[in-house]
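Student: Have a look at this one.
The values are calculated or read from the model by the stated rules, or taken from the named source; none is laboratory data. Note that the structure is predicted; figures quoted are calculated from it, not measured. Note: ideal-geometry Cβ built from the backbone for every residue, glycine included; neighbour counts use all protein chains shown.
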Amino acid sequence: DLLVNQIAAGEVVERPASVLKEVLENAVDAGARAIEVQLEQGGVRRIRVADDGCGIARDELALALERHATSKISTLDDLEHVGTMGFRGEALAAIAAVARTSITSRATGASHAWCIDGSERSLSPAALNQGTVVDVADLYYNTPARRKFLKTEATEYAHCDDMFRRIALSHPDVGMQLSHNGRVIHRLPPSTPAARVAALMGDDFLQQAREVSAVGGILSLSGFASLPAYSRASRDAQFFFVNGRYVRDKLLTHAVRQAYTDILHGNRHPAYVLFLELDPAGVDVNVHPAKIEVRFRESRAVHQFVFHAIRRVLAESGA
Ligand code: ADP
Ligand code: MG
């Protein structure tokens, strides 16, 4: 069973940033209003995520580490929508198979917390106000072949930072903090979408960006796109979300890029944070947990819509 989980882990746990993604998404799903992330050595040495969400009851702690155990699918109807939610009930089991993992949690209404050790599966009483602390240490300590694929601390940290930004941008109402090797990197109070964008992308971005707000049929696009003056030498400031989920999709990237044709020159790139919302029936999210690709039923219409929405905003501001 450990071996099966270690194999499954190859799918879910590519690197520290993929652990961070799963654990952060669980915290958000648990209704957390505040999430604190502590990383050590790029997340390889430690990823610790504390949230103030609903917590996990004592009797469900062991279950949370079992494969295919999820509290998030309760009906057949849910199962049919699994495509929009990604793999279910795989992440914690996979993580616990390749890192020293513990979960401490105090469920709403419980008199104290319980802690479970990911390898011994032993439960012990613990102290915690409310919510959950997931501690993932020494990633790949027992699978040296995988450990070899990890990059430098700086690179793994950069991936974690990226992942943190994606989740923070799509959940502005949740207070979020990130520290690395004891140093606070981001301290984000709960805020409006615009304030969250400013906090993560910089005030200068927001000053040189225009708000995007377009609706067409089942599609709506909101967010911010930079004016040409704020163009960048790299694509590092491009964030696209579909139904709240970060994606990196050729069609969407191309539609935005095309809106800047004849406006941006040379190797310059626009900066943007954009949220596309549509009927979930109109989009397939690749359910592979490590992937962030989508397929639209009406891809031409989506391309046109995004292109025109950005084009209009740029034209209105005289770009
Ligand atoms: P999934 O999120 O797909 O259900 P996971 O392996 O990520 O699967 O988590 C397993 C279960 O553990 C979740 O369904 C949830 O019930 C519980 N869980 C995990 N993390 C938390 C958390 N931070 N707060 C509350 N419950 C959690
Ligand atoms: Mg999960």
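Student: Any residue at all in region 155-165 that is in a helix (DSSP H, G or I) and within 16 Å of ligand 2 (Cβ to nearest atom)?
Tutor: Yes; the residues of region 155-165 include at least one that is in a helix (DSSP H, G or I) and within 16 Å of ligand 2 (Cβ to nearest atom).
Student: Of the residues that sit in region 26-56 and are buried (at least 17 other Cβ atoms within 10 Å of the Cβ) and acidic (Asp, Glu), which one is nearest to ligand 2 (Cβ to nearest atom)?
Tutor: The extreme case among them is Asp51.
Student: Report the residue count in region 14-57 for those that are part of a helix (DSSP H, G or I) and among the hydrophobic types (A, V, I, L, M, F, W, C).
Tutor: Just the residues of region 14-57 that are part of a helix (DSSP H, G or I), to begin with: 16-29, 41-43.
Narrowing further to those that are among the hydrophobic types (A, V, I, L, M, F, W, C): 17, 19-20, 23-24, 27-28.
Of the residues in that region, 7 qualify.
Student: Output the number of the condition that Lys151 fails; it satisfies all remaining conditions of (1) surrounded by 19 or more Cβ atoms within 10 Å (Cβ to Cβ); (2) over 18 Å from the mean Cα position of the chain (by Cα).
Tutor: Unmet condition: (1).
Student: Identify the residue in region 154-187 that is hydroxyl-bearing (Ser, Thr, Tyr) and surrounded by 18 or more Cβ atoms within 10 Å (Cβ to Cβ) and, among all such residues, is farthest from Ala32 (Cα to Cα).
Tutor: That would be Tyr157.
Student: Let me ask something else. Grab the helices (runs of 4 or more DSSP H) fully contained in region 188-295, keeping just those with 3 or more residues being surrounded by 15 or more Cβ atoms within 10 Å (Cβ to Cβ) and touching a Pro at 6+ places or on another chain (Cβ under 9 Å).
Tutor: Details: elements: 193-201, 203-207, 250-259.
The helices (runs of 4 or more DSSP H) meeting that bar are 193-201, 250-259.
Student: Kindly indicate whether any position in region 65-79 is more than 26 Å from Asn243 (Cα to Cα), modelled with pLDDT of 95 or more, within 13 Å of ligand 1 (Cβ to nearest atom) and surrounded by 14 or more Cβ atoms within 10 Å (Cβ to Cβ).
Tutor: No.
Student: In region 89-121, how many are closer than 12 Å to Leu65 by Cα, away from ligand 1 (no atom under 11 Å from the Cβ) and touching a residue at least 60 places away in the same chain (Cβ under 8 Å)?
Tutor: Here the count works out to 1.
Student: Also, quick follow-up: Please go through region 174-213 and pick out each residue that is among the charged types (D, E, K, R) and in contact with a strand residue (DSSP E or B) (Cβ under 9 Å, 6 or more places away or on another chain). If you could, list the steps in order and put the result at the bottom.
Tutor: Initially, region 174-213 is screened for residues among the charged types (D, E, K, R), giving 183, 187, 196, 203-204, 210-211.
Matches in region 174-213: Arg187, Arg196, Arg210, Glu211.
Student: Considering only residues that are in contact with a helix residue (DSSP H, G or I) (Cβ under 6 Å, 6 or more places away or on another chain) and part of a helix (DSSP H, G or I), look in region 3-13 and name the one that is nearest to ligand 2 (Cβ to nearest atom).
Tutor: Val12
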